[in-house]
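We did not get these values from a lab; they are worked out from the coordinates using the rules stated. Please read all numbers here as calculations on a predicted model, not as lab measurements.
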Amino acid sequence: MQHQQFRRLFLAFLLLAVALPASAQGFGIGGRIASIRGNAQADTSAVRFLGGQVRVRLSPKTAFELSLDRHREDSGDLTQRIVDYPLQATLMMYPVRSTFSPYLLGGFGWYTHKVQDLTGDKVSDIVSTRRTGWHAGFGAEILAGRHVGLHADYRYTFLHFGDSSSTDSSLTNHILPSYQGSMWTAGFTLYF
């Protein structure tokens, strides 16, 4: 049921992006690959995700991105399937717009993790959890013509400010951010 709601939300956003007024600077749809590390403090390896994004240019210096990535892994004995898919809404700020355009980014994400018990080819049980959190990072886009952009960026995920478990009451302890995960993304966007 959650998968259908998620799919409807994503399709609604795609329709909204297509129907934006002409005052917008344009929109684009593209694909990407992501390397995601769920816990940056633990010694875990990164996992590869495939996905896509919709980018909407709001002004010459700002853009909005909605991205969805997906990873599926079956257990060795084929009794469980794990499916992860993060959905991120991101605001991107471009200090300079040119053929090579660096940007800063920040936004909010919904991270869904499903464990499916399998009996043969059928799913017998699903346990689904969802986490939410802020992300921020940096990247760059290279325009390869008027309608194609290539991008790469790095995102700190599950950002939070201040450490409530610390006994240090200094101002810097309450201001400096910390994060749990990280992700690299690289992809392309076709602009219309």
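Roughly speaking, what is the stretch gain from ALA46 to HIS147, that is 0.36 nm per residue apart minus the C-alpha to C-alpha distance, in nm to one decimal? Numbers along the way, then the final one.
On the way: separation 101, 0.36 × 101 = 36.36 nm, distance 3.15 nm.
Length difference between fully extended and current span is 33.2 nm.
Give me the percent of Cα-Cα pairs in region 26-191 that sit more than 20 Å apart, rounded to a whole number.
Values: 7768 of 13695 pairs.
Within region 26-191, distances greater than 20 Å cover 57 percent of Cα pairs.
Figure the gain on full extension for LEU190 and TRP134 (residue separation times 0.36 nm, minus the Cα-Cα span) and round it to one decimal in nm.
Values: separation 56, 0.36 × 56 = 20.16 nm, distance 2.67 nm.
Here the segment from LEU190 to TRP134 would lengthen by 17.5 nm.
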